[in-house]
Ligand code: CTP
C-alpha cells in the first residue's frame, strides 16, 4: 500500500513518542521507508537506539552534526521524502511550525521542505483547547498542513478529552490517503473562490453575495484526489479547505497577483465572483454627505479579468483552464460566448436567478461547456458538483 514511499518522521517530545516505535513498524510493513528525526525532548521518552533499530536507518538529531551535513545536508534530507510526518506533534512544535521558527534540526527541516507535511497532534486537553494552539492549528491548516487526529479519551496525564495522539492505524491510513490514493497526485492546481471587496473609502467597499461554498468544495475535492491545491480566496466566513495552501486576498488586483505568483500549474479553476469594477480613486478618508442631497459621484475602472489573463497566456498556460459563468438569462448562449471570449477550455454555466435558490444555497445546477459540446449535470449538492468536476479534471490531466 505504501510501497516505495519515503516518510521523514519527526518525533516530538511527548509521551506519545512511545507509539512511534509501532508506527515505524507498521509503515515499514506496508513498504514505506522511514527516516527518523528526533528532537532533544523526544529522546526523553524513547531512545534513539530503539528508533534506529526499528527504522533500519540512523536517527538524525543534530543540525550541526558535521558528518550528517557531509553525507546529506538538512535541505536535501527534507526534500528526499515523499511526506514529512510529525508525530507526536507537541504544542511547542505546532507553535514553532506556525511561526516559522527554525531552532533545531526538526524545525529547520519543516521550514525547508517542499513536500506535504502531516501532523499527528498529542497534548494535554487544556493545551489542545488553548487559544494559542487553536490559532496555530488554523494557521497550519491554511499552510496546507494535513492533520491526523487527535482522538478523545483518557490521557497519560490522567485527564480525559481531545488530545490523545491518533492511533497508529489511523495515521497510517491518513498517510496512505494523502500519498497514494489520488489520481491527481503530483498535480498542482489553482482554485480562486469567494467574492472580492473593492474599497470606496476606508470604511466602505463594493462586494457581492458569493459565499465561496462552491470554490471551497472544489478545492476540497481536488485535494482529496491528491492534488497540491493553492486556494486563493476573497473575504469569506466559511472554513478553509482541508490540505490546501490558502492565500487570502481582498481585491481583484490582489487576486490576480496571487494567481500569477502561484503559477505554473497543471490546471486552474476560477470559481471566484470577481468584481468587474473598482473605484478609480479610493478616498483616503470617509466620504461624507455634502448637504446637497446628491450622492457622491464615483468613477469606476474595469478590473483585470483574471480568468482571461491566464487562459490567454502565450507561454506557461495551465493545461486546463476552467471558468464559471453565473448567468440569469440565456444561460447556455451567454456561457458559450463567454468561454470563447475568455479563451478557457471549460466553462461551468449555472443559472443564478433568485428563484433557483442557487446563490448562497447548498445545491447547484450546472452545464459543463467545452470545445465540442455541452454536458447537462443534474441538480446536486455543491460537494457533488465539485467531486464530479475534480474527477473530470483528473481524467484530462492523466489522459
Ligand atoms: N473572472 C475573473 N476575473 C474577472 C471577472 C471574472 O477571473 N475580473 C472569472 C470568474 O471567476 C468566472 C468567469 O470569469 O470564472 C466568469 O465570471 P462572470 O462574472 O460570469 O463573467 P464576467 O467577465 O464578469 O462577464 P459578465 O459580467 O459580462 O457576465
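Just so it is clear, none of the values below were taken in a lab; they were calculated from the coordinates. Keep in mind the model is a prediction, meaning the values are calculated, not measured. Cβ coordinates were reconstructed from backbone atoms using ideal geometry, including for glycine residues, and neighbour counts include every protein chain displayed.
Couple of notes before you dig in:
- Filter result for the condition that a residue is over 30 Å from residue 266 (Cα atoms) and in contact with a strand residue (DSSP E or B) (Cβ under 6 Å, 6 or more places away or on another chain), over 121, 195: 121
- Hey, residue 385 more than 15 Å from the ligand (Cβ to nearest atom) and either in a helix (DSSP H, G or I) or more than 20 Å from residue 229 (Cα to Cα) (or both) or not: no
- Listed here are the helices (runs of 4 or more DSSP H) enclosed by region 162-263 that have at least 2 residues being more than 16 Å from the ligand (Cβ to nearest atom): 168-179, 213-224.
- Scan of region 296-338 for residues that are under 26 Å from the mean Cα position of the chain (by Cα), part of a strand (DSSP E or B) and more than 7 Å from the ligand (Cβ to nearest atom), ordered by number: 320, 321, 322
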